[in-house]
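Enquirer: This is the structure I want to talk about, given as structure tokens.
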Amino acid sequence: MDKPIRLKNIADKLGISLSTVSRVLNDKPGISQKTRDLVMNELKQHKDDFTPIIKSTMPSNGRFIGIIGRQRVGQLDSVYFHHSTLAFDETLHKQGYQSLVIPVSEEDMENPSGLRALQSDSCDGYILRGQSLSPRFIMEIQSLGKPIVLLENNLTENRMNCVVCDDREGAFTLTEHLINREYKNIIHITGPERWYNNKQRIAGYTEAMNKAGLDTIILQRNDTTIQTGEKVFDDIIDLLKERTAVFAVNDAMAIGLLNRARQERIEIPSMMAIAGFDDIPWASMTYPPLTTTHIHIEKMGELAALRILQLLADPDSPAVEMKMPVDLVIRETT
């Protein structure tokens, strides 16, 4: 029988230090995205041995809050969420807790009972971050009987503790900005309909368009990645006419669309304006710099950590939704 893989095996195979592998596993900053992808791909190949790897990074006397999120190797949002992780760490550490990052795949969501990282009793509670976690998976985590807080997600049919941003108001304000710039043909590109943020941003966009007496055009896709944004260009080009703007549901899709538009020699913003949402670090580094909506993800991470600590002290306190305001950031793509 093969021996279970250990952190050192992964470090040796990839030619990196043991501490680097540990930092990737625990979502710590200071590691390049390329290295993170290499480590996470290696871990995915040895999923059955994930629990020994996690335990090898834990102090024996630690108290932990599990931070559960989709494993989306190579996607921009994987780095975006590091900012919330820093806030988790700082807030939890003050109360004697540490965060334990538990990345989950599509397979894990289909069969959560097989996720060994959840079978141990190492975590006192869980923060579930991101809207791509399925409702069924979230309910399975809730059935563990431990406090949970959703970050950047909400299940409207189930009253749960959550920290979200004001997606609807942010989308309304961004769409009004495009309308005020005299764009009349405003297209909204978005992802899966069941995702909470997507629904809220569609609602804000629709409200602003209806208020201005303009027709809505919504292009829905199965994901919200750079690659999705690049592919949707082929449909948008058929809708392109004078004073066209595209409001992408997140910066990743906007950046993908912007990349493709530049390849096709579409002048931005004179021929087509593009706006995103989230204000990830790359948004200010695109060419031209991307107009977007800033989410205060660090503060949201801090609030999620504070709420889980409150629930540990008072498990019977009623569920609350904490909603953070957002800020329009006007750059050069609109």
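Enquirer: Any residue that is part of a helix (DSSP H, G or I), more than 25 Å from residue 323 (Cα to Cα) and of a type in the set (Val, Ile, Thr) - is there at least one of those in segment 192-204?
Expert: First, the residues of segment 192-204 that are part of a helix (DSSP H, G or I): 196-204.
This time we only want the ones that are more than 25 Å from residue 323 (Cα to Cα), so: none.
The answer is no; no qualifying residue exists.
Enquirer: Also: Which pairs have Cβ atoms under 8 Å, sit 6 or more apart or on different chains, and link a residue in segment 83-103 that is under 15 Å from residue 124 (Cβ atoms) to one that is in a helix (DSSP H, G or I) and hydroxyl-bearing (Ser, Thr, Tyr)?
Expert: 99/85
Enquirer: List the residue pairs whose Cβ atoms are under 7 Å apart, where the first residue sits in segment 191-210 and is farther than 17 Å from residue 156 by Cα and free of Cβ contacts under 8 Å to residues at least 24 places away in the same chain, the second is β-branched (Val, Ile, Thr) and surrounded by fewer than 17 Cβ atoms within 10 Å (Cβ to Cβ), and the two are 6 or more positions apart or on different chains.
Expert: Short answer, once both residue conditions are applied: 206/216.
Enquirer: Among what's in segment 168-191 and is assigned to a strand (DSSP E or B) and of a type in the set (S, T, N, Q), pick the residue that is surrounded by the most Cβ atoms within 10 Å (Cβ to Cβ). Full working, then the answer.
Expert: Of all residues in segment 168-191, those assigned to a strand (DSSP E or B) come to 185-190.
Narrowing further to those that are of a type in the set (S, T, N, Q): 185, 190.
Numbers: 185: 17, 190: 26.
Result: 190.
Enquirer: Ok, one more. Could you list, ordered by first residue, the pairs with Cβ atoms under 6 Å in which the first is in segment 166-186 and more than 23 Å from residue 324 (Cβ to Cβ) and the second is of a type in the set (A, V, I, L, M) and surrounded by fewer than 20 Cβ atoms within 10 Å (Cβ to Cβ), at least 6 apart or interchain?
Expert: 179/212
Enquirer: Looking at 118, 151, 133, 144, which one is surrounded by fewer than 17 Cβ atoms within 10 Å (Cβ to Cβ) and assigned by TED's automatic domain parsing to the domain that holds residue 70?
Expert: Details: 118 fails: surrounded by fewer than 17 Cβ atoms within 10 Å (Cβ to Cβ); 151 fails: surrounded by fewer than 17 Cβ atoms within 10 Å (Cβ to Cβ); 133 fails: surrounded by fewer than 17 Cβ atoms within 10 Å (Cβ to Cβ).
Among 118, 151, 133, 144, only 144 is surrounded by fewer than 17 Cβ atoms within 10 Å (Cβ to Cβ) and assigned by TED's automatic domain parsing to the domain that holds residue 70.
Enquirer: Let me ask another. For segment 33-49, which positions are modelled with pLDDT under 80 and either over 20 Å from the mean Cα position of the chain (by Cα) or of a type in the set (S, T, N, Q) (or both)?
Expert: 33, 41, 42, 43, 45, 46, 47, 48, 49
Enquirer: Considering (1) surrounded by fewer than 20 Cβ atoms within 10 Å (Cβ to Cβ); (2) at pLDDT 85 or above, say which one residue 100 fails and leave the rest.
Expert: All conditions pass for residue 100, except number (1).
Enquirer: Of all residues in segment 274-330, which are assigned by TED's automatic domain parsing to the domain that holds residue 181, in a loop (DSSP other than H, G, I, E, B) and of a type in the set (S, T, N, Q)?
Expert: Of everything in segment 274-330, just one residue is assigned by TED's automatic domain parsing to the domain that holds residue 181, in a loop (DSSP other than H, G, I, E, B) and of a type in the set (S, T, N, Q), namely 286.
Enquirer: Name the residue that is surrounded by the most Cβ atoms within 10 Å (Cβ to Cβ), counting only residues in segment 291-332 that are in contact with a Pro (Cβ under 9 Å, 6 or more places away or on another chain) and basic (Lys, Arg).
Expert: 307
Enquirer: In segment 251-259, is there at least one residue being without any contact (Cβ under 8 Å) to a residue 40 or more places away in the chain, outside the structural domain of residue 161 (by TED's automatic domain parsing) and charged (D, E, K, R)?
Expert: No; the residues of segment 251-259 include none that is without any contact (Cβ under 8 Å) to a residue 40 or more places away in the chain, outside the structural domain of residue 161 (by TED's automatic domain parsing) and charged (D, E, K, R).
The values are calculated or read from the model by the stated rules, or taken from the named source; none is laboratory data. Just so you know, these numbers come straight off a predicted model, no measurement behind them. All Cβ positions, even for glycine, are placed from backbone atoms using ideal geometry, and neighbour counts span all protein chains on display.
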